[in-house]
1. Surrounded by fewer than 19 Cβ atoms within 10 Å (Cβ to Cβ) and assigned to a helix (DSSP H, G or I): which single residue out of B:Ala152, B:Ala90 fits that description?
2. For region A:178-197, name all the residues that are of a type outside the set (Lys, Arg), over 16 Å from B:Phe188 (Cα atoms) and buried (at least 18 other Cβ atoms within 10 Å of the Cβ).
3. Which numbered condition trips up A:Tyr153, out of (1) more than 15 Å from the chain's Cα centre (by Cα); (2) under 30 Å from B:Leu123 (Cβ atoms); (3) not hydrophobic (A, V, I, L, M, F, W, C)?
4. Starting from region B:148-160, take each residue that is within 7 Å of chain A (Cβ to nearest Cβ) and farther than 11 Å from A:Met166 by Cα and list its partners that are among the acidic types (Asp, Glu) and open to solvent by less than 10 Å² (accessible area, probe 1.4 Å), counting only C-beta distances under 6 angstrom and pairs at least six apart or across chains.
5. I'd like to know if region B:28-35 contains one or more residues that are within 12 Å of DNA strand C (Cβ to nearest atom), within 14 Å of chain A (Cβ to nearest Cβ), in contact (Cβ under 8 Å) with a residue 60 or more places away in the chain and within 28 Å of B:Ala92 (Cβ to Cβ).
6. Yes or no: region A:47-66 includes at least one residue that is within 14 Å of chain B (Cβ to nearest Cβ), within 16 Å of DNA strand C (Cβ to nearest atom) and basic (Lys, Arg).
7. Residue by residue through region A:116-147, note down the ones that are under 17 Å from B:Val165 (Cα atoms), more than 9 Å from chain B (Cβ to nearest Cβ) and of a type outside the set (Lys, Arg).
8. Going by what's in this entry, would B:Arg182 be described as in contact (Cβ under 8 Å) with a residue 12 or more places away in the chain and charged (D, E, K, R)?
Number of protein chains: 2
Amino acid sequence: MARGTAERVLDEALTAFGTRGFAATSLDDLAGGVGVTKQAILYHFGSKEQLLEAVIDRSVAELVELYDGVARGTTTGLARVEAVVRTTFAVAARRPELLGLLRQVSRLGDPHTPRLARGMHDLLERACAHLVREMDEGRLRRHEPRLLLLTAYSAVMGVATEPEVMRAMGVEPSLKSMARARREMIVFLRAALTPVS
Amino acid sequence: MARGTAERVLDEALTAFGTRGFAATSLDDLAGGVGVTKQAILYHFGSKEQLLEAVIDRSVAELVELYDGVARGTTTGLARVEAVVRTTFAVAARRPELLGLLRQVSRLGDPHTPRLARGMHDLLERACAHLVREMDEGRLRRHEPRLLLLTAYSAVMGVATEPEVMRAMGVEPSLKSMARARREMIVFLRAALTPVS
DNA sequence: CCCTCTACTTACCAGTTGGTAAGGCGACGT
DNA sequence: ACGTCGCCTTACCAACTGGTAAGTAGAGGG
């Protein structure tokens, strides 16, 4: 019991909810994966819904910390945009379930999506403020910051987390092609964001 | 029985699978919505999986026909890109479940995603060939066509089909804000695709 | 030695799941 | 009038769902 049952349940649930989805995952599945009984999960988390909330909270905290670190560590303008994109691709490669959970939860609706949104709100506001500042100072081409963020988020998330769609396009997902997709994404964003001089 | 039970089941299943998801939808739900019993569905489609396949096939056929029409009806270069984006936003507004199904099925894996991919393959190849032609003739800035398609697909799909994410960003989804998102998306794509002269 | 608390397990439950078997019923051909 | 065919229903079923109740093994304190 090195890592504690509760922690291991959270890990297993994050993976399952983020890839197969919440409805498609049963408590018995999770329990089997961890090596305990379903009732051990219910002991720690009360219900399946509360387990999901715990998974969301932990994942949001991790993502917020990660991207705050990126924002602290990098410079301005396009360099920061690039750093965020690189980080997102890195997360997609190393912990795809984290981004998958965002996808899944954003489709679940009432109690859960707002919870996620609340958790991400401050981070997104900071990102928006940063974009506006950079545009004001002429280091980024002017776009509506929220819709720009949404567009870039969608594009990066899609490319980074939908290998099936890549395969459908005739691109076999691999480390090499992901790296290429990341490069192409940065070229694309640079083309759209470089200020017209 | 104006439209036939089977057709109405397909409609109901498309809506449910495309919004709530395949696993989260039971045959009893569908049957209740249509006003028949679950066994009537199984009579027509054999099993839940076969029903999903029928829904996928019909939706793919509809999308292929739609986008082929757009490709036939419009000109070249950016105008065609814009027409495709406009069409996608129109579909997202009028029949969100169609795009939702794509999303959902692309996460289901083995038998279903490849089936969707096969159905879309020819359309995507034609789109790729068109992009390459336009780039060769200098009407679009050069990008890797498949990754460009994937990027644009992800961006448009994300903005068009994830109102929850919009709400999380502080943009209340409405007809007006959707139109604005569409405009901003076209500006964004134009910025990235206008050839450097 | 016993009490208590944590962290589980075994036993169970009612409701729901996808799926089968058999039968009814109206239309249609003969 | 009679078969039969397409379309659907009633009646089931075993497996699984999330969740409850009760009991238990072990650690730590008094």
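The values are calculated or read from the model by the stated rules, or taken from the named source; none is laboratory data. Treat the numbers as computed from the prediction; the structure is a model and nothing was measured. Every residue, glycine as well, gets a Cβ built from its backbone with ideal geometry; the counts of neighbours run over all protein chains shown. Heads up: the accessible areas ignore ligands, DNA and RNA and are worked out on the full protein's heavy atoms, side chains in. Shrake-Rupley method; radii C 1.70, N 1.55, O 1.52, S 1.80 Å.
1. B:Ala90
2. A:Met178, A:Ala181
3. Result: A:Tyr153 fails condition (1) only.
4. Short answer, once both residue conditions are applied: none.
5. no
6. Yes - at least one qualifying residue is present in region A:47-66.
7. Selection gives A:Gly119, A:Asp122, A:Leu123, A:Ala127, A:Pro145.
8. When the stated conditions are applied, B:Arg182 passes them.
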